[in-house]
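Values quoted throughout were computed directly from the atomic coordinates according to the rules given, and no laboratory measurement underlies them. Computed from a prediction, not measured in an experiment: that's the story for all the values here. So basically every Cβ, Gly included, is an ideal-geometry build from the backbone, and we count neighbours across all protein chains shown.
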Ligand SMILES: [Zn+2]
């Protein structure tokens, strides 16, 4: 588990709301958006997170790919 991954997990847990890769990268001050994308892709594979098209909780832009803890979406 990388330091970035741990930061993303923390971000998605408190509070458990959907984030897009852009906002994750900005919030964690990652130089490249692809770094956030790489982590969210791995998290999705764990089965504990969902990636889907929806408005991001932060930028509230048009629906885009966001990720959240699975329990959030199915709550
Ligand atoms: Zn966003």
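If only residues of region 1-14 that are free of Cβ contacts under 8 Å to residues at least 40 places away in the same chain and in contact with a helix residue (DSSP H, G or I) (Cβ under 9 Å, 6 or more places away or on another chain) are counted, the one that is surrounded by the fewest Cβ atoms within 10 Å (Cβ to Cβ) is 1.
Within region 16-34, if we keep just the residues that are more than 14 Å from the ligand (Cβ to nearest atom) and farther than 20 Å from residue 48 by Cβ, the residue that is farthest from the chain's Cα centre (by Cα) turns out to be 31. Under the condition of being within 14 Å of residue 11 (Cα to Cα) and exposed (fewer than 11 other Cβ atoms within 10 Å of the Cβ), the residues counted in region 40-64 number 0.
Reported count of residues in region 35-54, each being farther than 11 Å from residue 69 by Cβ and free of Cβ contacts under 8 Å to residues at least 12 places away in the same chain, is 3. Name every residue in region 60-72 that is near the ligand (Cβ under 8 Å from one of its atoms) and closer than 11 Å to residue 21 by Cα, in order of residue number. Those that are near the ligand (Cβ under 8 Å from one of its atoms) and closer than 11 Å to residue 21 by Cα: 64, 66.
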